[in-house]
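Just so it is clear, none of the values below were taken in a lab; they were calculated from the coordinates. What you see is a predicted model, and the numbers here were worked out from it, not measured in a lab. For neighbour counting, all protein chains shown are included, and Cβ atoms are generated from backbone atoms with ideal geometry for every residue, glycine included.
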Ligand SMILES: NC(=O)c1ccc[n+]([C@@H]2O[C@H](COP(=O)([O-])OP(=O)(O)OC[C@H]3O[C@@H](n4cnc5c(N)ncnc54)[C@H](OP(=O)(O)O)[C@@H]3O)[C@@H](O)[C@H]2O)c1
């Protein structure tokens, strides 16, 4: 063993299995422990990872997790992360949390959307990799962004930072069903979703708070469930300052992401889910109507990779000083 000793909690979930798949082949990581919940002590196997990872899934136990790992990935329900992270912080391993529990900085917003989350003694880095590299280098706790916020913030942040956005921003996002995790509910059951598309969470989705926190302005965010297993396509309707040219928008994106290995700028060749599925890419396309200043942005990513495990591994790479692409290409 020569890499960083990493542990995965929640390794039997959708995000956790992606983490295992990526980290098992990572050149600088040794997966020393991978845990499910503690509800069952039977041996768990992951058929999709046969031939990729040969370890054993064990029931959750914090002592074993912290003894075996110097850095832990948490792919848990947010209530479990909320309870666990303070304990992990005390024990020492670095933490990359895929849940929303520690993403919101404002105490009132946290109390509203993540009431089980306690105050942490340490600062938490928000892990939108391409936009927060400096904060990630020294971070001991990283809150990896939600899948929808990643798809909305990557296209919007450069425009907001340049002061180009004006007026209302509407974020209309469509997600595959794996975004809801592996346990089916009445809403996510195959027979409910097959052959249907539905909006949900209008003015009541906690990712709105996360997007607004990072963007620093209000948005209308409407998520939809579409009958796909994975992938998010986000269409954003915005307005830019009068006189903004198509060349200026293109140059802004080029400056923001020209050197970013996992953001592909598609401009008028609008992206689609098939092109990013099972990859760590976020593809961004756009069309500007220069007469009216109306800008339509389209971004696509795989919710389980760039929207979850892949971005977490990208953050791991930066936090540990490795090549950002390690284990991801
Ligand atoms: N799915 C996505 O697209 C996505 C994207 C971004 C972020 N996220 C976030 O990532 C986290 C994981 O999501 P997911 O979709 O992978 O969830 P999931 O498929 O439901 O998996 C949850 C995992 O956590 C384990 N677990 C449940 N309760 C636990 C507890 N109290 N203690 C220890 N382990 C426990 C489960 O083990 P068992 O197998 O034993 O039940 C399973 O391994 C969530 O917070 C989610 O919001 C998900």
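Panel order for 157, 166, 130, by other beta carbons found within 10 Å of each beta carbon, from fewest to most: 166, 157, 130.
Using the rule -39500 (n - 2.57) for each DSSP H run of four or more residues, divided by the residues of the chain, the 222 nm mean residue ellipticity is -8500 deg cm²/dmol. Packing here is the average count of other Cβ atoms within 10 Å per residue, and on that basis the peptides 46-53, 318-325, highest first, run 318-325, 46-53. The calculated FRET efficiency for the pair residue 194 and residue 45, based on their C-beta separation and a Förster distance of 25 Å, comes to about 0.35.
With each label modelled as a point 7 angstrom along the Cα→C-beta vector, the residue 289-residue 111 pair spans 4.4 nm. Of the two radii for the chain, the radius of gyration is 0.96 times the Kirkwood radius, both from the alpha carbons; that is the Rg over Rh value. The angle between the Cα long axis of helix 147-161 and the main principal axis of the chain comes to about 40°, on a 0 to 90 degree scale. Here the contact order of the chain, divided by its residue count and restricted to Cα pairs under 8 Å and six or more residues apart, works out to 18 percent.
Reducing segment 297-329 and segment 1-46 to their Cα centroids gives an inter-centroid distance of 17 Å.
Expected output is a single nm value to one decimal: the length gained when fully extending between residue 160 and residue 37, i.e. 0.36 nm times separation in residues minus the C-alpha distance. What is it? Could you put the intermediate results ahead of the total?
On the way: separation 123, 0.36 × 123 = 44.28 nm, distance 4.06 nm.
Here the answer is 40.2 nm.
The C-alpha atoms of the chain define a longest principal axis, and helix 246-257 lies at about 20 degrees to it.
Mean sequence separation of contacting Cα pairs (under 8 Å, at least six apart), scaled by the length of segment 100-165, corresponds to a relative contact order of 30 percent.
For helix 310-319, what angle does its Cα long axis make with the longest principal axis of the chain, in degrees from 0 to 90 and rounded to 10? The answer is roughly 80 degrees. Relative contact order of segment 147-303, taken over Cα pairs closer than 8 Å and 6 or more residues apart, is 30 percent.
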